[in-house]
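The values are calculated or read from the model by the stated rules, or taken from the named source; none is laboratory data. Worth saying up front: this structure is predicted, and the values here are computed from it rather than measured. With ideal geometry, Cβ positions are generated from the backbone for all residues, glycine too; neighbour counts draw on all protein chains shown.
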Amino acid sequence: MYDYDLLVVGSANADLVVGVERRPAAGETVLGSDLTVHPGGKGANQAVAAGRLGARTALLARVGDDAHGRLLLDSQRAAGVDTAGVLVGGAPTGVALITVDPSGDNSIVVSPGANARLTPDDVRAAAELLGRARVVSVQLEIPLGTVAEVARTLPPGARLVLNPSPPAPLPADVLAACDPLVVNEHEARYILGETGEAGEAGETGETGETGEGPEEWARALLALGPRSVVITLGAQGALVAEDGADAVRVASPRVGAVDTTGAGDAFTAALAWRLGLGEPLAAAAAFAVRVGAAAVTREGAQESFPTAQEVGAL
């Protein structure tokens with residue numbers, strides 16, 4: 001019997017957000033709006049998104065013994081997330097510096113802080129917590145060795161969802177445990193060796209030809225070992241692929257984007273929750289794109305995440 005629909009193992013940051021008319025070029029200074037501080041971090045975002053949707057959710061993370069850490073814990077508890085696995089101390093709480101332009105696009109720089117102190121030993125010490133979860137979701141704002149330990153110690157029957165963000169080379173055993181691997185277009189290109197620069201296509205890397213579109217990327221990613229792959233495509237929705245089956249595109253509802261911060265985290269949390277309920281991958285992704293679409297219609301990350309009722313009304 002599982003106590004949690006979803007356990008998130010990941011980062012918890014304070015998001016320091018400034019609105020700008022345009023993002024600065026190298027060496028350039030631009031004026032922005034007043035600074036606002038929001039609870040964030042990919043791990044904490046996913047946990048809050050799942051909790052708001054009604055999933056029984058727990059978070060394994062590390063925050064500092066400071067005001068930002070207390071802000072994050074308060075946000076988790078308000079969403080109904082079990083914070084017994086959140087460790088306190090070791091370094092200041094992580095911080096994300098975010099600029100948002102009028103179109104809603106954002107640029108982010110992360111100072112990991114306490115997130116970098118979430119260790120494989122912490123994962124081993126939380127073995128009982130992992131054993132109580134139907135699905136475990138991880139990202140790469142914590143050390144890769146910690147993510148690898150989660151993959152190695154995943155209990156039998158549990159499902160691992162990995163969003164490799166920010167992208168980094170992934171060990172074969174981590175890729176093999178992913179079900180699914182969730183990537184956006186840049187992350188897909190990075191893993192396949194096409195690019196080392198965000199948003200800019202480069203030369204074909206060591207993996208050889210990766211094709212010209214998401215269907216080809218999905219086939220190439222599956223060849224690296226994950227059990228399934230989901231590629232998020234922004235306003236175009238998502239593409240899902242499983243070994244032995246044709247890739248399926250899932251459309252997103254049309255919405256007016258205000259701020260895309262945290263939308264990918266909301267999508268991944270919703271996907272992981274619905275997979276834990278036993279839904280097929282395409283059906284889970286169809287729900288998740290609606291959650292992600294709802295999230296971009298409001299400012300902020302966690303503050304923008306919808307309830308199940310709001311998703312149903314979209």
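There is no residue in region 10-30 that is in a loop (DSSP other than H, G, I, E, B), among the charged types (D, E, K, R) and over 17 Å from residue 108 (Cα atoms). Filtering region 265-314 to residues that are surrounded by 17 or more Cβ atoms within 10 Å (Cβ to Cβ), outside any helix (DSSP H, G or I) and out of contact with any helix residue (DSSP H, G or I) (no Cβ under 6 Å at 6 or more places or on another chain) leaves 297, 300. Looking only at region 5-50, residues that are hydroxyl-bearing (Ser, Thr, Tyr) and buried (at least 24 other Cβ atoms within 10 Å of the Cβ) come to 1 in all.
Residues of region 268-307 that are without any contact (Cβ under 8 Å) to a residue 40 or more places away in the chain and closer than 21 Å to residue 136 by Cα: 274, 278, 279, 280, 283, 284, 286, 287. Listed by first and then second residue, the pairs with beta-carbon distance under 7 Å, at least 6 apart or on different chains, first residue in region 60-85 and more than 17 Å from residue 113 (Cβ to Cβ), second of a type in the set (D, E, K, R), are 79/52; 83/77. Candidates in region 286-314 are the residues that are closer than 16 Å to residue 252 by Cα and in contact with a strand residue (DSSP E or B) (Cβ under 8 Å, 6 or more places away or on another chain); of these, the one that is modelled with the lowest pLDDT is 292.
Yes or no: residue 119 at pLDDT 95 or above, more than 17 Å from the chain's Cα centre (by Cα), surrounded by 16 or more Cβ atoms within 10 Å (Cβ to Cβ) and more than 13 Å from residue 43 (Cα to Cα)? So residue 119 passes the test.
If you take the residues of region 141-156 that are outside any helix (DSSP H, G or I) and buried (at least 22 other Cβ atoms within 10 Å of the Cβ), which of them is modelled with the lowest pLDDT? By that ranking, first place goes to 141. Here 61, 55, 50 are screened, and the one residue that is over 18 Å from residue 96 (Cβ atoms), within 17 Å of the chain's Cα centre (by Cα) and not in a helix (DSSP H, G or I) is 55. Only one entry in 80, 113, 94, 89 is crowded, with 22+ Cβ neighbours inside 10 Å, in contact with a strand residue (DSSP E or B) (Cβ under 9 Å, 6 or more places away or on another chain) and on the phi > 0 side of the Ramachandran plot, namely 113. Cβ-Cβ under 6 Å, sequence separation 6+ or interchain: first residue in region 128-140 and buried (at least 20 other Cβ atoms within 10 Å of the Cβ), partner among the polar types (S, T, N, Q) and assigned to a strand (DSSP E or B). Which pairs? As it stands, the answer is 139/163, since those pairs meet every condition given.
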